[in-house]
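Derivation of every value follows stated rules applied to the coordinates shown; laboratory data play no part. On a predicted model such as this, the values are computed, not experimentally measured, just so you know. Please note: Cβ atoms are built from the backbone with ideal geometry, for glycine as well, and neighbour counts cover all protein chains shown.
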Amino acid sequence: MKKAFTILLVITAAATYAQPKIITQAMITTKTTIVAPERDEQPAGSFTTESGEQVRIMRFGGDGETKTTTWLKNDLIKTLSESEMAVSTTIRDNAKKLTTTIMEVMGRKSGFYSTDEDQAEMRKRMDSMMSTRSQNGNFSIDRSPAAYSITYLDDAKKISGYNCKKAFVIGTMSSGKTDTTAVWYCPDFKMQGLVNTGGNAGGGFGGFTQSAGLSGMEELAGFPMQYERNMRNGAKMTVLVTKLVIDKEVADKEFEIAKDIEIKPLKDMQNGAGPGFQIRVAGQ
């Protein structure tokens, strides 16, 4: 009986040891590279309409490279994204379920904040618009949530000094169509409130991906250090963590917002306050 009890303790201890550690403070530098198929599209930029309204067009999902730095401290997550097109900062408070976004385009800064309820309403409107465009354009987009499964492999390599393993995250839509993301993950830890970085994770536009639903990586047995994903417009996105610091204190000042930036509620942006602002997601 004692021998059986000892074996049970050993098995339990091994299972506990295998669980990834939850990291509550970190600084992560990530590079996102998108290679899009050649096509004729209106480029990002700024122009003035005949009525004198200034319109800024921003394309997300187009060809290019974006550098992202993410700071994590307990319930706070700050994401700074820099590309040739713009600089955006997103601060997410998971405890308050509040997201603040600051955009700098053509040297001009503007900001807004949104609750999870605001984001849900925005996604509902976007889904309705996409559904209408789909019907009018005689093409279909499956907007239903995907069911995810993960296949773990024995492949191993080091990324930014951390031992990683390979896995495939497979999403299956209600139509039966599948989409596979190849992921290299570190099994030693996961980030509190942060599933992955880069791409449009944690930030997106206005942080709408924070509560947009599951991506499959939340079930991964570790933190994604590199992944490759096929985008809806035929482009290929590669995300790579180039630097990860988890052994230093993150200062509170990282999450402070400069006083010279006016932060408005999302509804004011939707009602057309300020200069015209259009967002175009490639492939949509």
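One chain, two ends: Glu82 and Asn230. Fully extended at 0.36 nm per residue, the span grows by 51.1 nm beyond their Cα-Cα distance. Note on Lys264: lysines with a C-alpha under 27 Å away, same-chain residues under 8 apart excluded, are Lys67, Lys73, Lys78, Lys96, Lys97, Lys109, Lys124, Lys253. Rounded to the nearest 0.05, the FRET efficiency derived from the C-beta distance between Asp154 and Asp75 at R0 = 35 Å is 0.45.
Ignoring lysines fewer than eight residues from Lys166 along the same chain, the ones with Cα atoms less than 17 angstrom from its Cα are Lys157, Lys158, Lys190. Among Phe189, Phe112, sorting on how many other beta-carbon atoms sit within 10 Å of each Cβ, with the fewest leading, yields Phe189, Phe112. Residues Tyr148, Tyr185 in ascending order of nearby Cβ atoms (within 10 Å, fewest first): Tyr148, Tyr185. Net charge in the neighbourhood of Ala95 (other residues with Cβ under 13 Å of its Cβ; Lys, Arg +1, Asp, Glu -1) is +1. Within the shell of other residues whose beta carbon sits under 13 angstrom from the beta carbon of Lys248, the net charge comes to -1, with Lys and Arg scored +1 and Asp and Glu -1.
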